[in-house]
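Chemist: Dropping a structure here in C-alpha cells format, bear with me for questions.
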Amino acid sequence: MGKVGLRIRVMPSGIEVDMEKLKEEITKTLPDYAQLVNAEIKPVAFGLKALILQVIMPDQSPDELIEKIKSIENVENVEVEDLSLI
C-alpha cells in the first residue's frame, strides 16, 4: 500500500484561541499511522488564523483522522485542502 500526503486546514472557534496550544493538542491526538511533517499558523482575516498541517499517512480514507481533529476543543472546522499520492 502506498502513502499519501495531506494538507489539512484547521479553523479555530474564534480569534481568542491560542494557536500554539491548539497545534500541540492536535499533534498529541494524531493516530500512530499519521506522521505530522509540518504545521504552520497562517493569518486568514480580521485577526483569525488557520493551522495548516502537512501529514503523511497510508493510502486510506482520511475520515478517521479528520474526526479526531474535529473532536478537539476549540476546533471549528477541518478541511482537506490537498491530497496526493507519494
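Where a number appears in this text, it was derived from the coordinates with a stated rule and is not lab data. In this text the structure is predicted, and so the values were computed from the model without any measurement. Please note: Cβ atoms are built from the backbone with ideal geometry, for glycine as well, and neighbour counts cover all protein chains shown.
Chemist: Suppose the chain between Lys68 and Ile56 were pulled fully straight at 0.36 nm per residue; how much longer would it get relative to their current alpha carbon spacing? Before the final figure, lay out each step's value.
Modeler: Values: separation 12, 0.36 × 12 = 4.32 nm, distance 1.57 nm.
Length gained, Lys68 through Ile56: 2.8 nm.
Chemist: Can you tell me which aspartates and glutamates have their Cα less than 18 Å from the Cα of Lys21? Leave out same-chain residues fewer than eight positions away.
Modeler: Qualifying aspartates and glutamates at Cα under 18 Å: Glu40, Glu73, Glu76.
Chemist: So I have (1) 1.00; (2) 0.96; (3) 1.15, and one of them is Rg/Rh (Cα atoms, Kirkwood Rh) calculated from this model. Which one is it?
Modeler: Derived directly from the coordinates: (2).
Chemist: Let me ask another. Can you give me the distance in nm between label points at Glu81 and Glu16, each placed 7 Å from the Cα along the Cα-to-Cβ direction?
Modeler: Going from the Glu81 label point to the Glu16 one covers 2.7 nm.
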